[in-house]
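> Take this structure, written in structure tokens, and hold onto it; I'll ask about it next.
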């Protein structure tokens, strides 16, 4: 009865891979919508102000550059350097070799834990491969999401502060340096990098695009686009930053509202996902000989693997239903 369990493990692995591909497709669709909005805005501007063709051309070139940079970022995620990109997004200053070393150590610890058990060999191999390739990447994604959240919490305040400094007559480079001194956390690190890159000769627009690659958020891409537009067209940067901070605060309010409205669905999903596990533990505590058949007999193991597979499908579907992208 090893083959049915092996087939079930392969099906679970393929399902997880399909969900990951679905999430990547949603991210690409979001980026394409963002770039299409920029392109439509530039097209509308060309219709309203046909006399200023050079300005329209510069903005069209800017949209093309943003699209090319987005395509390059997607290509980097697909090749072997994607681990390096993930380390940068997570804020970990370490070479890729250290990542693979720690992944191998974690896989060895997991292997030493499960190899003495009586589980099927295919299940052990699947768990060890997941510990080596899957769990470290999930940790990097969790750390990157946490860092982006901390960055976004203070980003609107930093934009307001920079806008006031610009209105007072301070140049944008000094406003960025002042922001790096007044704030802390990931925002301080990224603004300081932008200021140091500009000091060594990198243009401000390129430095902010580098920050957008390290912090892949829509708000940061908008900030980089605003600085590039200002450097090429000479528009009022303080007004642009003030409007951008207002947009970020509005998105925060919308996120909180969506979280409050979906709290009931999240609680229901958590209860439904935890109910089979709690029932199993309760039966094992009261009647171990009754529930122990699932863990001893080959047919029980097959039923347990099937139940775990369908429960995983249900949890992933419920997660997609309540995971609203803003």
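> Could you say which residue among 179, 185 is without any contact (Cβ under 8 Å) to a residue 40 or more places away in the chain and buried (at least 20 other Cβ atoms within 10 Å of the Cβ)?
179 is the lone residue from the list that is without any contact (Cβ under 8 Å) to a residue 40 or more places away in the chain and buried (at least 20 other Cβ atoms within 10 Å of the Cβ).
> Now for a different question. So for the stretch 235-249 (the condition being surrounded by 11 or more Cβ atoms within 10 Å (Cβ to Cβ), more than 27 Å from the chain's Cα centre (by Cα) and either not assigned by TED's automatic domain parsing to the domain that holds residue 187 or not in a helix (DSSP H, G or I) (or both)), does at least one residue qualify? Give the derivation first.
So in the stretch 235-249, the residues surrounded by 11 or more Cβ atoms within 10 Å (Cβ to Cβ) come out as 235-249.
Filter once more, so that each one left must be more than 27 Å from the chain's Cα centre (by Cα): 235-239.
Among the residues that remain, those that are also either not assigned by TED's automatic domain parsing to the domain that holds residue 187 or not in a helix (DSSP H, G or I) (or both) are: 235-236.
Checked against the condition, which is being surrounded by 11 or more Cβ atoms within 10 Å (Cβ to Cβ), more than 27 Å from the chain's Cα centre (by Cα) and either not assigned by TED's automatic domain parsing to the domain that holds residue 187 or not in a helix (DSSP H, G or I) (or both), the stretch 235-249 yields at least one hit.
> If we only count helices (runs of 4 or more DSSP H) wholly inside the stretch 32-144, which ones have 1 or more residues that are modelled with pLDDT under 85? Don't jump to the end; show me each part of the working.
Values: elements: 53-78, 82-90, 96-114, 121-129.
In the stretch 32-144, the matching helices (runs of 4 or more DSSP H) lie at 53-78, 82-90, 121-129.
> Then there is this: Would you say residue 163 is in contact (Cβ under 8 Å) with a residue 24 or more places away in the chain, more than 26 Å from residue 82 (Cβ to Cβ) and either buried (at least 19 other Cβ atoms within 10 Å of the Cβ) or in contact with a strand residue (DSSP E or B) (Cβ under 7 Å, 6 or more places away or on another chain) (or both)?
Working: in contact (Cβ under 8 Å) with a residue 24 or more places away in the chain: yes; more than 26 Å from residue 82 (Cβ to Cβ): yes; either buried (at least 19 other Cβ atoms within 10 Å of the Cβ) or in contact with a strand residue (DSSP E or B) (Cβ under 7 Å, 6 or more places away or on another chain) (or both): yes.
Spelling it out, residue 163 is indeed in contact (Cβ under 8 Å) with a residue 24 or more places away in the chain, more than 26 Å from residue 82 (Cβ to Cβ) and either buried (at least 19 other Cβ atoms within 10 Å of the Cβ) or in contact with a strand residue (DSSP E or B) (Cβ under 7 Å, 6 or more places away or on another chain) (or both).
> Can I ask one more? Residue check, residue 264 against (1) at pLDDT 85 or above; (2) farther than 15 Å from residue 160 by Cβ, all met but one. Which one?
Exception for residue 264: condition (1).
The values are calculated or read from the model by the stated rules, or taken from the named source; none is laboratory data. On a predicted model such as this, the values are computed, not experimentally measured, just so you know. Positions of Cβ are generated from backbone atoms using ideal geometry, with glycine treated the same way; all protein chains shown enter the neighbour counts.
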